[in-house]
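Working notes, structure below.
The values are calculated or read from the model by the stated rules, or taken from the named source; none is laboratory data. Fair warning: this is a prediction, and the values are worked out from it, not measured in the lab. All Cβ positions, even for glycine, are placed from backbone atoms using ideal geometry, and neighbour counts span all protein chains on display.
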Amino acid sequence: MKEFPRNFLWGAATSAHQVEGNNIYNDWWLAEEAGAIKEASGRACSHYELYSEDFAIAGQLHHNCHRFSIEWSRVEPQEGNFDPLEIEHYRKVIADLKSRGIQPVVTLHHFTNPAWFSRRGGWVNSGLQKYFLRFTDKIVREFGAEVKFWITINEPLVYSSHAYLLGAWPPKKRSLFETARVTFNLAQAHIKAYRLIHKIYKENSLDKPMVSIAANLQAFELCRPTLKNRLSVYLRHKLYNLYFIDELFRRKTLDYIGINYYGRNLVDVESWGIRHLLLDTCKYNHHPLRKNSLGWDIYPEGLYKLLLAVKKYNLPVLITENGICTEDDDLRWDYIREHLLQIHRAIQDGIGVMGYIYWSLIDNFEWDKGFTPRFGLVHVDYGSQKRSVRPSAEKLAQVSASGII
Ligand code: NOJ
């Protein structure tokens, strides 16, 4: 029997484009319309209409926090034109959560951009950061009094690499130079947004907010102990896992560390060259582990190792995402249980983990992978939009209710 700290945050996450449906003013929608993405998000989970029903389920599951994103392209569909009706929508979303005793954790950028922002060059263009800051200013002035936890940018390196290096997400580029530029611009945008959010709270005499990013961390492990592989693991851990956090920590712009963790990345580098060193993985079934339905390796111990790796910052940690897509709900529960045990182990070792947010509350649109991967605690029938709570969700609910696993 393991006990979690009192006041531990228990919840689940979503992001606007993946669940709301009909986000017609963003770059993803345009790419989907143009046939550049295999499946279109369409009405997704109709969460825009059904949020209250979904939050009622989260409440029954004893969640005391919920992470979601505010869709920039809804709030500002044309440059400078903020839509008061959409602001009201998100006000209701936040009020609904709070009425159920669920603390909102709000993401400001979760992979999508307003179409107008992309047309002007998106995150490659450093001159556009000011627009993200204006959006941040608007949202934080509207909702600051209701929100303590903010995530400025979700998985900045996943965004820059998928959109600018791997050519998988809009704008589908393959340029190391642009990837570096976008990454740099996202870091700058966070730093400025962090300062802005704190300034607004101060001006309004609000209690200090907790502001961070959600960093995707991967357990990079050696397939074979060759020199190339060792160098690669070292580089990926430094650049991919820690670069962003290091930089933001140095600039004193993190109140906590938000970690999204899914599993292991088994490194096996074919030949020298920066792309190989940064991207190659083992193509064979060496050192097999259980996998999710997208083939990602399940490796709970990796989370423990990464939590130890961020201990040096001496900041609180929030697991802002951890989850599995699978058709096998028993495996989902094993995945959750084993990760919770590793988190508990890290807490025993003195790491200040504040909470656990499962990805995702409901099945949803998994970007370029479409609707097939099912990450939800709650199953969604995309035909009828009917929700069904999975047994793993009930098991997690017992842990959230008691604080004991
Ligand atoms: C990370 C992302 O933030 C989220 O959008 C995605 O659906 C999950 N991981 C699963 O891949």
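Here are some notes:
- Any hit, region 328-338, residues being among the acidic types (Asp, Glu), in contact with a Ser or Thr (Cβ under 6 Å, 6 or more places away or on another chain) and surrounded by fewer than 23 Cβ atoms within 10 Å (Cβ to Cβ): yes
- Count of residues meeting criterion [hydrophobic (A, V, I, L, M, F, W, C) and within 15 Å of the ligand (Cβ to nearest atom)] in region 11-30: 5
- Residue that is within 16 Å of the ligand (Cβ to nearest atom), of a type in the set (Asp, Glu) and under 22 Å from the mean Cα position of the chain (by Cα), where the choices are Asp255, Asp334, Asp297: Asp297
- Cβ separations smaller than 9 Å between residues 6+ apart or across chains give the following pairs from region 277-296 residues that are under 21 Å from Asp328 (Cα atoms) and hydroxyl-bearing (Ser, Thr, Tyr) to residues that are at pLDDT 95 or above and surrounded by 17 or more Cβ atoms within 10 Å (Cβ to Cβ): Ser293/Ile324; Ser293/Cys325; Ser293/Thr326; Ser293/Pro373; Ser293/Arg374.
- Considering only residues in region 337-388 that are part of a loop (DSSP other than H, G, I, E, B) and over 26 Å from Tyr159 (Cβ atoms), the one that is nearest to the ligand (Cβ to nearest atom) turns out to be Gln385.
- Top-ranked residue of region 173-199 - restricted to ones that are among the β-branched types (Val, Ile, Thr) and touching a Leu at 6+ places or on another chain (Cβ under 8 Å), ranked as farthest from Tyr256 (Cα to Cα): Thr179
- Residues in region 32-41 that are exposed (fewer than 14 other Cβ atoms within 10 Å of the Cβ) and either touching a residue at least 12 places away in the same chain (Cβ under 8 Å) or within 16 Å of the ligand (Cβ to nearest atom) (or both): Lys38 alone.
- If the condition is being in a helix (DSSP H, G or I), in contact with a strand residue (DSSP E or B) (Cβ under 7 Å, 6 or more places away or on another chain) and either β-branched (Val, Ile, Thr) or more than 21 Å from Phe149 (Cα to Cα) (or both), then region 64-92 contributes only Ser73.
- Matching residues, region 300-330, being within 15 Å of the ligand (Cβ to nearest atom), more than 15 Å from Phe220 (Cβ to Cβ) and touching a helix residue (DSSP H, G or I) at 6+ places or on another chain (Cβ under 6 Å): Asn322, Ile324, Thr326
- Annotation note: of Phe184, Phe117, Phe82, the sole residue that is aromatic (Phe, Trp, Tyr) and out of contact with any Phe, Trp or Tyr (no Cβ under 9 Å at 6 or more places or on another chain) is Phe184.
- In region 159-170, the qualifying residues are those that are buried (at least 19 other Cβ atoms within 10 Å of the Cβ) and not hydroxyl-bearing (Ser, Thr, Tyr), and the one that is farthest from Trp29 (Cα to Cα) is Leu165.
- The single condition among (1) without any contact (Cβ under 8 Å) to a residue 24 or more places away in the chain; (2) assigned to a strand (DSSP E or B); (3) not basic (Lys, Arg) that Thr152 does not meet is (1).
- The condition (being away from the ligand (no atom under 16 Å from the Cβ) and either modelled with pLDDT of 95 or more or closer than 29 Å to Leu278 by Cβ (or both)) is satisfied by just one residue among Tyr164, Tyr159: Tyr164.
- Qualifying positions in region 264-294 - assigned to a loop (DSSP other than H, G, I, E, B) and within 16 Å of the ligand (Cβ to nearest atom): Asn292, Ser293, Leu294
- Residues (in contact with a helix residue (DSSP H, G or I) (Cβ under 6 Å, 6 or more places away or on another chain), touching a residue at least 60 places away in the same chain (Cβ under 8 Å) and part of a helix (DSSP H, G or I)) located in region 42-53: His47
- Within region 9-31, tally of residues that are assigned to a helix (DSSP H, G or I), surrounded by 21 or more Cβ atoms within 10 Å (Cβ to Cβ) and not β-branched (Val, Ile, Thr): 6
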